[in-house]
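The values are calculated or read from the model by the stated rules, or taken from the named source; none is laboratory data. Everything numeric in this text was worked out from a predicted model, so none of it was measured. Cβ sites come from the backbone with ideal geometry, for glycine too, and all protein chains shown count toward neighbours. To get the accessible areas, we keep the full protein, side chains included, count just its heavy atoms, and leave off ligands, DNA and RNA. Shrake-Rupley method; radii C 1.70, N 1.55, O 1.52, S 1.80 Å.
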Amino acid sequence: MKTEVRKICMLGDFAVGKTSLVNRFVNSAFSERYLSTVGVKIDTKLVQLVDRQVKLVLWDLAGSDPLNGAAKSYLMGTHGIVLVADGTRRETLDSALRIHQHAESLIGARPTVLLINKADLEPQWQSTQADLQSARQWARNVWETSAMTGAHVEDAFMALAGVER
Amino acid sequence: MSGEHVKRLRDLLRVPDQASQDELGERVGGVEQQLERLPENLPAALRSADDLGPRLASALEQPVAKAVEGLARNRRELLANALFPVLGPAIRHAITEALRGLVDNLNRLLESTFSARGLRWRMEAWRSGMPYAQVALRHMLRYSVDHLFLIQNGSGLLLARAHQSEPQDNDSDAVAAMLTAIREFMRDSGLAPGEAELRQVQVGDHVLRLYPGPEGYLAAAISGVPGGEVDASLAELLEAMHRRAPQALIDGQPDSELDELLRAWFSHSGRSQELIKPDSRRPVMGQIVLGALILLGLVWCAEWLWTGAEASRLQRQLSAQPGYQAQVSRVAWRQLQIVGLRDPLAAIVDAQLDLAGLDRARVHSRLRPYLSLDPQLLTKRVRQMLRPPDRVQISMAGGVVRVSGYADQEWTTTAQRLLRAWSVVIPSKWEVQLEVEPPVFDPIADQPVIVELNRGAEIGPEGRLAVEEIVTWFTEPAQPADGLRLQITAETDGVGELESNQRLAEARLNAVREALLEAGLPEFRLLPGIAKPEVVPGEDFNRRRVWVDAVMQQ
Ligand SMILES: Nc1nc2c(ncn2[C@@H]2O[C@H](COP(=O)(O)OP(=O)(O)OP(=O)(O)O)[C@@H](O)[C@H]2O)c(=O)[nH]1
Ligand SMILES: [Mg+2]
């Protein structure tokens with residue numbers, strides 16, 4: 001069977017859980033520890049779709065504004081973007097939107113999923129329903145995920161893998 | 001402080017006795033020493049702390065992570081500088097150094113080895129003129145490209161790969177992406193100034209070399225010491241890939257054609273071939289012939305350049321000469337040729353060659369005659385044909401040929417006739433002006449010059465002109481005959497007494513005499529003058545003058 005290879009970039013503010021989400025998706029593991037990503041971390045995952053195999057090459061970029069300076073060129077040849085926000089920090093949703101626009105201005109529109117992470121901490125969420133509604137306006141594919149419990153993590157990545165090129 | 005005070009103070013503080021004081025001093029000294037030796041002891045201390053294991057690690061983890069994080073965010077160039085020695089030119093340098101060391105070692109090792117193989121190599125070195133170490137190295141060194149990746153630029157997607165042996169299950173896709181990330185990081189952070197990108201990294205006992213292309217790049221993990229030929233053939237492979245499957249490279253999708261090219265390269269060039277090739281029979285002879293040919297080529301080049309420079313120098317010189325329309329070129333070994341036109345009145349070719357410092361025998365001139373319109377030569381031509389007397393000037397400027405001066409009637413008529421007929425010589429667009437007057441003073445025509453005076457003994461304006469006329473004639477380059485003398489005759493009219501008229505005539509004689517000498521006439525040209533007042537009384541304008549006659553003395 002033919003295997004497609006796709007480059008996916010993890011984008012989002014500092015400490016929103018990008019690395020944790022990749023770790024959950026690739027290794028089915030989670031750690032409480034926070035080790036900020038330096039530069040870029042790369043993982044791969046083979047995904048079985050109904051009709052084909054897709055190998056995802058996941059580029060996990062350092063947080064804050066990963067598109068400043070050097071990291072810009074990391075976006076080249078990207079097929080899809082996983083945009084991550086932290087549900088417990090309202091401002092990370094705004095920065096997700098900002099980063100998304102920046103990325104689009106650099107490489108054009110790409111299939112994107114928005115992950116509002118740390119769903120297991122829902123009681124502490126700052127993002128309101130209204131925020132989520134407005135997020136759905138610009139990102140058609142929005143998931144409330146938890147790297148800790150694994151909720152919807154698989155679904156979100158599979159959604160991106162399944163998008164036709 | 002007095003002893004009494006000290007004692008009281010000691011009591012108050014209950015300072016221990018002398019023995020315990022010394023002990024205390026020793027202990028403090030010991031701590032100081034330990035502190036001094038802390039740097040050397042720290043590693044050992046940390047090692048022993050290893051027993052504490054996870055506790056120390058987790059204690060250090062947070063601060064170290066924070067520090068690195070901060071460093072990466074705020075002091076990127078610091079981190080980059082710290083990484084720099086690991087990558088880039090330093091590695092190349094190190095490899096070169098290592099290789100040089102290797103050659104040296106090899107030399108020493110093998111030079112003392114008299115094995116059959118050593119002798120064979122020695123023979124080869126002797127025959128080919130190569131240093132012994134180089135020959136040995138050629139036989140000993142092998143390389144092998146163990147992994148080869150074709151990676152799309154930017155995206156870092158792996159498009160094709162090949163392995164010498166079945167790879168352990170390492171994730172080539174991740175390796176490819178990581179390499180690209182490092183490359184991009186290096187490039188964007190200006191890590192390698194002057195180096196557009198990372199080209200070579202040492203990874204374990206492999207050298208990882210990157211070969212950049214417009215859409216994708218090749219990464220080769222090589223063990224052993226690869227020669228330059230690997231680089232060349234991999235660059236070629238990359239070119240072929242761009243040519244044969246450009247779309248696959250642009251789309252970033254694996255492609256069978258790319259795979260095939262990669263495999264084909266692997267089976268042919270993945271390993272260094274047997275290097276001992278049958279030598280050409282007489283390498284030394286061949287080298288001598290080649291050397292001689294190269295030398296000949298160099299000499300020929302030098303001559304060609306040198307003679308070419310001579311040619312252009314002569315060319316410049318001739319172009320500056322009126323009456324030459326010529327091209328100078330190198331025709332053969334040290335031989336020049338001048339081809340073109342030359343006015344017969346122009347400077348002589350040989351003289352030009354001498355001037356340029358060129359041997360006449362080396363220059364062949366093939367110049368055909370032509371009539372140049374250069375004013376200088378036209379003048380010369382007109383002069384040659386008119387043969388004007390000395391006091392006739394010929395000038396050509398602004399489209400006018402001016403023939404002016406003094407000449408007798410006969411010459412003037414001939415000149416007029418010739419000038420009319422000489423339209424061949426003088427181009428029709430030139431206007432001819434003939435302004436020749438009969439000479440005022442002409443000793444041959446035997447006509448005296450009359451110097452007009454006023455009532456007294458003063459020479460008038462016209463008289464002055466006459467004086468100048470005479471003197472010019474004598475002082476011109478064409479000197480008149482030695483025997484030519486001037487006879488001055490001064491007259492007066494018959495008004496007044498004869499005696500006073502005699503004095504007036506003498507005064508007039510002297511005035512002209514002085515005027516002539518003053519204008520530059522050599523004194524020996526003058527005969528004693530004659531003062532001749534009119535004896536018949538009455539007024540006569542015509543007698544108020546002085547005659548100057550030319551007289552030939554034998
Ligand atoms: N409770 C909870 N904690 C999470 C979740 N995802 C991540 N975390 C924690 O959030 C912290 C940051 O996670 P990372 O995955 O390192 O964040 P990041 O986005 O990679 O951060 P950068 O290093 O800036 O790229 C870690 O301490 C994680 O344990 C989640 O879904 N639930
Ligand atoms: Mg991270």
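Structure values in brief
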quantity	calculated
Conditions (1) within 12 Å of another protein chain (Cβ to nearest Cβ); (2) within 13 Å of the chain's Cα centre (by Cα); number of the one not met by A:Ile42	(2)
Wholly enclosed strands (runs of 3 or more DSSP E) of segment B:313-420 bearing at least 3 residues of a type in the set (Val, Ile, Thr)	B:400-406
Which listed residue, of B:Gln325, B:Gln352, B:Gln335, is assigned by TED's automatic domain parsing to the domain that holds B:Trp306 and more than 24 Å from B:Lys380 (Cβ to Cβ)	B:Gln335
Neighbours by Cβ (under 6 Å, 6+ apart or cross-chain): first from segment A:134-152, touching a residue at least 60 places away in the same chain (Cβ under 8 Å); second assigned to a loop (DSSP other than H, G, I, E, B) and open to solvent by 60 Å² or more (accessible area, probe 1.4 Å)	A:Thr145/A:His152; A:Ala147/A:Phe30; A:Met148/A:Phe30
Residue ID - nearest to ligand 2 (Cβ to nearest atom), chosen from residues in segment A:23-32 that are open to solvent by less than 70 Å² (accessible area, probe 1.4 Å) and either touching a Lys or Arg at 6+ places or on another chain (Cβ under 7 Å) or assigned to a loop (DSSP other than H, G, I, E, B) (or both)	A:Ser31
One residue from B:Ser319, B:Ser312 being polar (S, T, N, Q) and open to solvent by less than 60 Å² (accessible area, probe 1.4 Å)	B:Ser312
Members of segment A:68-94 that are within 15 Å of ligand 2 (Cβ to nearest atom) and at pLDDT below 90	A:Ala71, A:Tyr74
Unmet requirement for A:Arg6, which otherwise passes all of (1) within 6 Å of ligand 1 (Cβ to nearest atom); (2) within 12 Å of chain B (Cβ to nearest Cβ); (3) among the basic types (Lys, Arg)	(1)
Pairs with Cβ under 9 Å, 6+ apart, first in segment A:28-51 and touching a residue at least 40 places away in the same chain (Cβ under 8 Å) and within 28 Å of B:Arg183 (Cβ to Cβ), second open to solvent by 30 Å² or more (accessible area, probe 1.4 Å) and away from ligand 2 (no atom under 14 Å from the Cβ)	A:Lys45/A:Lys55; A:Leu46/A:Thr3; A:Leu46/A:Gln53; A:Leu46/A:Lys55; A:Val47/A:Gln53; A:Val47/A:Lys55; A:Val47/A:Met158; A:Val47/A:Gly162
Count of segment B:218-258 residues which are more than 14 Å from every other protein chain (Cβ to nearest Cβ), in contact with a helix residue (DSSP H, G or I) (Cβ under 7 Å, 6 or more places away or on another chain), over 25 Å from B:Ser144 (Cα atoms) and part of a helix (DSSP H, G or I)	1
Breaking point among (1) near ligand 1 (Cβ under 10 Å from one of its atoms); (2) among the basic types (Lys, Arg); (3) open to solvent by 60 Å² or more (accessible area, probe 1.4 Å), for A:Lys118	(3)
Odd one out for A:Val40, checked against (1) closer than 25 Å to A:Gly162 by Cα; (2) at pLDDT 80 or above; (3) within 16 Å of ligand 2 (Cβ to nearest atom)	(2)
Search result, residues across segment A:1-14 that are away from ligand 2 (no atom under 16 Å from the Cβ) and either part of a loop (DSSP other than H, G, I, E, B) or among the hydroxyl-bearing types (Ser, Thr, Tyr) (or both)	A:Met1, A:Lys2, A:Thr3
B:Val331 surrounded by 15 or more Cβ atoms within 10 Å (Cβ to Cβ) and of a type in the set (A, V, I, L, M)	no
A:Ser20 being open to solvent by 30 Å² or more (accessible area, probe 1.4 Å), touching a residue at least 60 places away in the same chain (Cβ under 8 Å), within 11 Å of ligand 2 (Cβ to nearest atom) and small (Gly, Ala, Ser)	yes
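Let's see how each residue does on (1) surrounded by 20 or more Cβ atoms within 10 Å (Cβ to Cβ); (2) on the phi > 0 side of the Ramachandran plot; (3) in a helix (DSSP H, G or I):
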residue: A:Asp94; (1), (2), (3): no, no, yes
residue: A:Val113; (1), (2), (3): yes, no, no
residue: A:Pro123; (1), (2), (3): no, no, yes
residue: A:Met148; (1), (2), (3): no, no, no
residue: A:Met158; (1), (2), (3): no, no, yes
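Yes/no matrix, rows are residues, columns are (1) surrounded by fewer than 19 Cβ atoms within 10 Å (Cβ to Cβ); (2) modelled with pLDDT of 70 or more:
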position: B:Gly190; (1), (2): yes, no
position: B:Glu195; (1), (2): yes, no
position: B:Val203; (1), (2): yes, no
position: B:Ala220; (1), (2): no, yes
position: B:Ala240; (1), (2): yes, yes
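Residue by residue, here is whether (1) open to solvent by 30 Å² or more (accessible area, probe 1.4 Å); (2) hydroxyl-bearing (Ser, Thr, Tyr); (3) outside any loop (DSSP other than H, G, I, E, B) holds:
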| residue | (1), (2), (3) |
| --- | --- |
| A:Val16 | no, no, no |
| A:Tyr34 | yes, yes, no |
| A:Thr44 | no, yes, yes |
| A:Val47 | no, no, yes |
| A:Val54 | no, no, yes |
| A:Asp60 | no, no, yes |
